[in-house]
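Undergrad: Dropping a structure here in structure tokens format, bear with me for questions.
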Amino acid sequence: MNVAASQPTLQTAAYALGDRLPRHVAQPATVAEMAEVLAAASRARSAVAPWGAGTRQFVTNPPTRYDLALDLRRLDRVIEYHPADLVVMVEAGISLGALQAVLAERGQWLPWDPPAPATATIGGLLATAAWGPLRLGYGGPRDWLLGMQVVLGDGRIAQSGGRVVKNVAGYDTHKLHLGAFGTLGVIATVTFKVAPLPERIASVRAVFATPAAALHAAAAIRQPPVQPVALAITVAETVTLAVRFAGVAAAVERQLGLATAACDRAEEVALSVDDRELWAVPSTPDDALVLRIGVPERMLAAAVDAVTALAPSQLTICPGLGLMVGRWPMVAVTHLPALRQTLAGMDGYAVVERGPAGIERWGPPPPTIDLMRVLRQRWDPAGILNPGRWMVE
């Protein structure tokens, strides 16, 4: 196993979190090696930050202590794949892009489109609850997750769930690790159910004069018999509605026609046969304020009005999910308390995914937070996993 020396080097500098550098970097090649590293760190009370591709380290606070970066990218194997059963088991350090390439060889895929899919690791995406617009039609990653192996803070290896679609034994504790930012344990292996690749995927792109007009069209498109798998409205220099369909080619063709008709108020409408560029997530500047905003779907239009009043440089709205991601210059952080107060009146929230150090990042805690705090004490008694990075402490 590779462990870097204790003095700050170019290698440790690559694992900087805020103004903190680790004293060591561990790169285990097996789950057993990872367990050994965490057991030793627990005995020494050395703070550990799990690390995948590093694409989403910015979405949570820097750690309050940081001794060891635990780089999981050598854990990048497909352990088992049963195409006939639509089940795959992988190590957490494999990238989503690499997994999709393996599945595509057998005409299958994992319907999940988070940011940076080519490089982001499975473990990191799950730990940060990464999502994308395909959640509208296919659900989120928790809906495709069958089981998980996790290394706890004291080095114990825990298994939850199963390797088959109908396994129902036991409590699904593995789902508590989704969005827990590695504070309950380090994801080691993951088992997913997968799906056949659609015969055709295509999109409609329409430009509207206002967000309200785009929301009106999106609401019409969500009515039967139209069944989009993804909807997104981007508010920037223009207001653009993107609508994605997937399935049998003839059915997709009919859906494209119905969606085009629903965009009769659009200033411009176009079809995208190869729509990958249309749905690519733009990179975010390091000096941008990024908020993830959620409200009940019935309040989405009112929330859009409240958010656009603050003139974001870009706003992505996901009708049907009640979610938005907004980007502003960092100075707009002064408006965050007032925005949160407005959203609270709509039963909504705003989470800071990128912002200045020391800011209150989180919205309301999940319903399972009390259980998660108890499990944190049991699974990581020395408190070494990502200390200070999430609300579980």
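Readers should treat all values here as calculations from the given coordinates under stated rules, not as data from a laboratory. Keep in mind that this is a model prediction, so the values were computed, not measured. As a convention, Cβ positions derive from the backbone with ideal geometry for all residues, glycine included, and neighbour counts pool all protein chains shown.
Undergrad: Can you tell me how much longer the chain between residue 64 and residue 11 gets when fully stretched, taken as 0.36 nm per residue apart minus their C-alpha distance, in nm with one decimal?
TA: In short, 17.0 nm is gained.
Undergrad: How high is the relative contact order of segment 288-354, given as a whole-number percent (alpha carbon pairs under 8 Å, six or more residues apart)?
TA: Worked out over segment 288-354, it gives 50 percent.
Undergrad: Can I ask one more? By how many degrees, 0 to 90 and rounded to 10, does the Cα axis of helix 211-221 deviate from the longest principal axis of the chain?
TA: Tilt of helix 211-221: around 90 degrees.
Undergrad: Taking the Cβ of residue 319 as the center, what net charge do the other residues with Cβ under 14 Å away carry, scoring Lys and Arg +1 and Asp and Glu -1?
TA: Summing Lys/Arg as +1 and Asp/Glu as -1 gives +3.
Undergrad: Would you mind computing, in nm to one decimal, how far apart the modelled labels at residue 102 and residue 20 are, each placed 7 Å from Cα along Cα→Cβ?
TA: 3.2
Undergrad: So if R0 is 51 Å, what FRET efficiency would residue 265 and residue 377 give, r being the distance between their Cβ atoms, rounded to the nearest 0.05?
TA: Here the calculated transfer efficiency is 0.35.
Undergrad: Next up: How much length is gained on full extension from residue 29 to residue 298, taking 0.36 nm per residue of separation minus their Cα-Cα distance?
TA: 92.1 nm
Undergrad: Give the Cα extents of the chain along the principal axes, in whole Å, largest first.
TA: So the three principal-axis extents are 65, 54, 40 Å.
Undergrad: Which three lengths, in whole Å and largest first, does segment 200-279 cover when its Cα atoms are put on their principal axes?
TA: Extents along the principal axes, in whole Å: 34, 27, 17.
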